[in-house]
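The structure under discussion appears below in the form of structure tokens.
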Amino acid sequence: MAVLPMSRVNIFGLLKDRKKILETLQRLGVIDVKPFDGGDGFEKIETAVFQARFQKAKAECEQALEILDRYSPEEKSMFSSLMGLERMSSAEYESRIKRRDEILGKASELVRLEKEISDLKAEAINLSSNIEALGPWKALDISMRFSGTKKTSAFLGTFSESYDESALNLYFAESCEKKNALELKENVHFEIVSKSENQTCVMVVCLKELANRCEEILRYMGLVAPVVNVDGKPAEKITEFEKRIKKANEQAEEDKGKILKLSAFRGELKFIVDYFDMRIDKYQVIERLGHSKRVFGLTGYLPKSDTENLAESLTGEVDVAVEFTDADGDDVPVALKNNGFAAPLEGVLETFSLPGRGEVDPTSAMAVFYYFLFGLMLSDAAYGFLMVLLCGFALWKFPRMKQGMKKSLKMFLYCGISTTFWGVMFGGYFGDAIQVIAKTFFDKEIVIRPLWFSPMDEPMRMLVFSLLVGIIHLFAGLGMKFYSLARTKQWKDAIYDVIFWYMLVGGAIVYLLSMQMFVDMASLNFILSPSAGKIAALVAVLGAIGIALTAGRSSKNPAKRLAKGLYELYGVTSYLSDILSYSRLLALGLATGVIANVFNKMGSMFGGGILGAIAFTIVFVVGHTLNIGINLLGAYVHTNRLQFVEFFGKFYDGGGEKYAPFRADTAYFEMENK
């Protein structure tokens, strides 16, 4: 349970050595670089243009990888996420750096080929649409753009109904009469090109001087111009379009083959993505440096334990000045150091907030309760054993997995151990699966007794135990506050803000245990003596008076001080709600067991025999998989809540800035030290 002591480092080097120094720092990965403020002699350098260039190149490589994944998916093991990053030697690193332009060229080619394939597919779709649109005009033996002769005009179009020649002429004649265009009746000719149930394609010819009037009547009749109007005979154009579609498809297949061949460069493309990630990080750091004509300055923080190694690594390679001082300031980052039992929960703490300046790291204290509460909520020995088995196997089989994943698996490993323990204490093994299987398939009564008691048989006992756990948890939070105040010699605050609350809440609890009514309600088999209750009540009253008189001590006005103290005293009701919130331990523990028993009962409804065994197995596997998934999530969420709200609420503020060292933070490869 510790926040690593940090040192501030100032580094000064020659500009000609900047690249080498930064690469060394990135390889070591220990300095959290901060903006340099070295006075008037230094200035900042903008690197946004370079970063944008690197981002563009990286984005093109990532796009190329996405293209390869679409056309030639990489074969991955289902456990690939656990295997960690592939290691790359310094020699291989230098070799690929020299081929950077070649690899970027392959990325550009992949992007170009993908765009060409997309364009070819779009062209084929467009041509297919044109062929479909030209189908009804296939019988037309002249160009669709034929507009007539010297003395005639021609129109092509479609009606949305089916007409034969006589019906069409009759419809035209009626339209001419309605529009008072009788001169058209004998001077217009209709040629039906094709017709179907709901469409008639026609060619209309009229005298040129009557063209405008004729077009007006045709529009009135509902004639619509063809969707596609090509320069040539429709049949010939259909043949031409079919050839172009075939050629486009052949070209697309050829391009696809080229993409498949370029899949051999997948590893190189991944490397370039990592390479540009490192360069972007480096140029972001360069913006934080101070520069003069020949010298640059860098400042930041690192753990004190790494100062000696840093100094040796830098001074052994180039001329550089390294200065270490005690870390002091609001921008000092926080790095945690915990043992193997507590370290897996550092990520959980980060989701809330890292310790603020001068605060104690609560991870170790939290770990004891976290594993305890998680197991109490899940409380099935078989579920816990599966968690231990799967997490333990993954940790053993894949030792090089990423640290974040490793910590998560270790956390669930310890949670699984706790779950197994409480499952044995409460007698849960896939619910009552053993009893159900024995009765259904072997007609035997096998009962595995809980080592302590069964919450489903004695829910009140479980509720009382849950509330007791909550009281201990809350008092531990107050104890953490006392420790934090005591370590900074704030003894008065420790008494006022902790001891008085211990007296009030603890005294009230002891007093309740001396009341027969409360003991009967809680189904307790003991009661404290009346004298103990009186002493407890006196202690609680003294605690309440102490809180009322001291909680508002920051105010100089006596009336305001007392009013504020009384308001703080009213906060005792929050302790009641906090304690009651631990009833979720009962609720989630019962939910796990009840749902498990329901699935066991559902599986046994099919009876014994082979068919019954098959049905039971299916229901058992599906049901318990759902149950463990749902209740794992529930236990995780509610355990976090009890830590963040009830436990941290008593002593912890957080607000610390995470230690984020300048390092090679890559996605695909782990660079070995040179």
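Computed from the coordinates by the stated procedures, all read-outs in this text should not be read as laboratory data. Keep in mind that what you see is a predicted model, and the values were worked out from it rather than measured. Note: ideal-geometry Cβ built from the backbone for every residue, glycine included; neighbour counts use all protein chains shown.
In region 145-225, a dipole from Cβ-located charges (positive for Lys and Arg, negative for Asp and Glu) runs towards its positive end, and of Cys201, Phe146, Tyr220 it is Phe146 whose Cα lies farthest in that direction.
Region 212-274 and region 550-566 have their alpha-carbon centroids 82 Å apart.
Between 0 and 90 degrees, the angle of helix 100-134 with respect to the longest Cα principal axis of the chain falls at about 50 degrees. When the chain is described by a simple charge dipole with +1 on each Lys and Arg Cβ and -1 on each Asp and Glu Cβ, the residue from Pro399, Cys61, Thr639 located farthest towards its positive end is Thr639. Between Lys76 and Ser555, the simple spin-label model (points 7 angstrom out along Cα→Cβ) gives 6.0 nm. With the convex hull of the Cα atoms taken as the outline of the chain, the averaged projected area works out to 55.8 nm². Taking a ≥ b ≥ c as the square roots of the eigenvalues of the Cα gyration tensor, region 394-536 is classed as oblate, since a/c reaches at least 1.5 and a/b does not exceed b/c. Between region 298-336 and region 444-483, how far is it from one alpha carbon centroid to the other, in angstrom? If we compute the Cα centre of each part, the gap is 48 Å.
Counted residue by residue at 0.36 nm each, then reduced by the alpha carbon distance between them, the extension gain from Leu14 to Ala587 reaches 199.7 nm. Note: region 503-559, Cα convex hull, 80 Å³ per residue. Sorting the Cα pairs of region 145-225 by distance into bins of 5 Å, from 0 upward, gives 3, 16, 30, 26, 17, 6, 1, 0 percent per bin. Classified by the C-alpha gyration tensor, region 630-674 has an oblate form. Its axis ratio a/c, with a ≥ b ≥ c, is 1.5 or above, and a/b does not exceed b/c. Compared with the dominant Cα axis of the chain, that is its longest principal axis, helix 363-378 is turned about 70°.
Checking the cross-link pairs Lys208/Lys233; Lys282/Lys304; Lys261/Lys410 against a 32 Å limit on the alpha carbon distance flags Lys261/Lys410 as lying beyond it.
Restricting the GluC sites (Glu not before Pro) of region 1-68 to loop positions (DSSP other than H, G, I, E, B) with no more than 10 neighbouring Cβ atoms within 10 Å leaves Glu46. For region 145-225, a simple Cβ point-charge model (Lys and Arg +1, Asp and Glu -1, everything else neutral) yields a dipole of about 400 debye relative to the Cα centre. For Ala563 and Leu390, what is the calculated FRET efficiency with R₀ set at 51 Å and r taken between the beta-carbons, to the nearest 0.05? Step by step, r from the Cβ atoms, then E = 0.35. DSSP beta bridges confined to the chain are antiparallel in about 90 percent of cases. Placing +1 on the Cβ of every Lys and Arg and -1 on the Cβ of every Asp and Glu, with no other charges, gives the chain a dipole of roughly 1440 debye about its Cα centre. With R₀ fixed at 25 Å, the C-beta to C-beta distance from Val111 to Glu86 puts the FRET efficiency at about 0.55.
Could you list the residues of region 580-603 with an amide nitrogen less than 13 Å from a label point located 7 Å from the Cα of Val637 in the Cα-to-C-beta direction? Residues 588 fall inside that zone. Going by a ≥ b ≥ c, the root eigenvalues of the Cα gyration tensor, does region 259-358 fall in the rounded group (a/c under 1.5), the prolate group (a/b larger than b/c) or the oblate group? It is oblate, given that a/c is not under 1.5 and a/b is not larger than b/c.
Applying a DSSP loop filter and a limit of 16 other Cβ atoms within 10 Å to the chymotrypsin sites (Phe, Trp or Tyr not before Pro) in region 329-400 leaves Phe341. In this label model, Ile45 and Ile448 are separated by 6.7 nm, measuring between points 7 Å along each Cα→Cβ vector. If I take R0 = 30 Å and measure r between the Cβ atoms of Ala522 and Phe341 in this structure, what FRET efficiency does the formula 1/(1 + (r/R0)^6) give, to the nearest 0.05? Once the sixth-power term is evaluated, E becomes 0.35. Which one of Leu390, Val436, Thr363 has its Cα pushed farthest toward the positive end of the charge dipole of region 305-457, where Lys and Arg give +1 and Asp and Glu give -1 at the Cβ? Of the options given, the answer is Val436. For the chain, the longest principal axis of the Cα atoms and the long axis of helix 18-28 meet at an angle of about 60 degrees. In a fully extended conformation the segment linking Ala2 and Ser529 would gain 185.4 nm over its present Cα-Cα distance, using 0.36 nm per residue. Nearest 20 debye, what's the magnitude of the dipole of region 80-215 about its Cα centre given +1 on Lys and Arg Cβ and -1 on Asp and Glu Cβ? Roughly 520 debye, rounded to the nearest 20. Shown here for region 84-150: trypsin sites (Lys or Arg not before Pro) in loop regions (DSSP other than H, G, I, E, B) with at most 15 other Cβ atoms within 10 Å, namely Arg99, Arg145, Lys150. Separation of the alpha carbons by more than 25 angstrom is noted, of Lys407/Lys658; Lys337/Lys481; Lys121/Lys195, for Lys121/Lys195. A crude spin-label estimate for the pair Glu197 and Asp331, with each label 7 Å from Cα along the Cβ direction, gives 7.6 nm. Counted by neighbouring Cβ atoms within 10 Å, the residues Ser72, Ser554 run from fewest to most as Ser554, Ser72.
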